[in-house]
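Okay, so here's the structure we're looking at.
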Amino acid sequence: MITYKIFFINFNKKTAMSKTGKSIFERFSNWATKFTGSSYAFITAVAIVVIWAVSGPIFNYSETWQLVINTGTTIITFLMVFLIQKAQNKDSKAIQIKLNELIAANEKASNRMVDIEDLTEKELDQIHCYYEKLSDFAEEDEDIHASHSIDAAQRNQDYKQALFKMKYEKWMQEQDQQ
């Protein structure tokens, strides 16, 4: 069983922190992410567009009237890109930590898979090839419940190849004797 410790370091940031340890920006971005993904945000956006469209005749569909909606949507889109990216980064980090915990907790899982998200694209492609091979091994396996790590699958494949080679050499010797 693997024993590990996690150390949390307090950097004494000078930012304003709440009782939960979250900065004002963190709390605001969490609120904004939840709000913008809600039905209320969608209804608000639709209401703004409807109000803008209805006000068209009042402003004679002027360039200023068009500029208001164009500028507003551009600014909101620009800000939402960063808000969405922050939310995705946080979710991705949480998922990676959960996956790392599952790998660390499973004695049959390869610990080499922990933190592979830091590898280069080329290194990830190489690992992907290994898993494609693992899939091929699983398709050849008669027991559909068998599970192998990459290392175990490679050992099994090496064993099969050695066995095949030995049988082939034996067959060749028999052919030579005849």
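Distance between the pseudo-spin-label points of ASN60 and SER135 (7 Å out from Cα toward the beta carbon): 6.4 nm. For the cross-link pairs LYS34/LYS122; LYS22/LYS98; LYS108/LYS170, the ones whose C-alpha atoms lie over 28 Å apart are LYS34/LYS122; LYS108/LYS170.
Working from the pairwise distances between different alpha carbons, so that the mean of 1/r is found and then inverted, what is the stretch 27-93's Kirkwood radius in Å?
On the way: mean 1/r = 0.0735 Å⁻¹.
So the Kirkwood estimate lands at 13.6 Å.
The numbers here are math on the coordinates, done by the rules we state, and not lab data. As the structure is a computational prediction, the values presented were derived from the model and not from experiment. In this analysis, Cβ positions are derived from the backbone assuming ideal geometry, glycine residues included, and neighbour counts consider all displayed protein chains.
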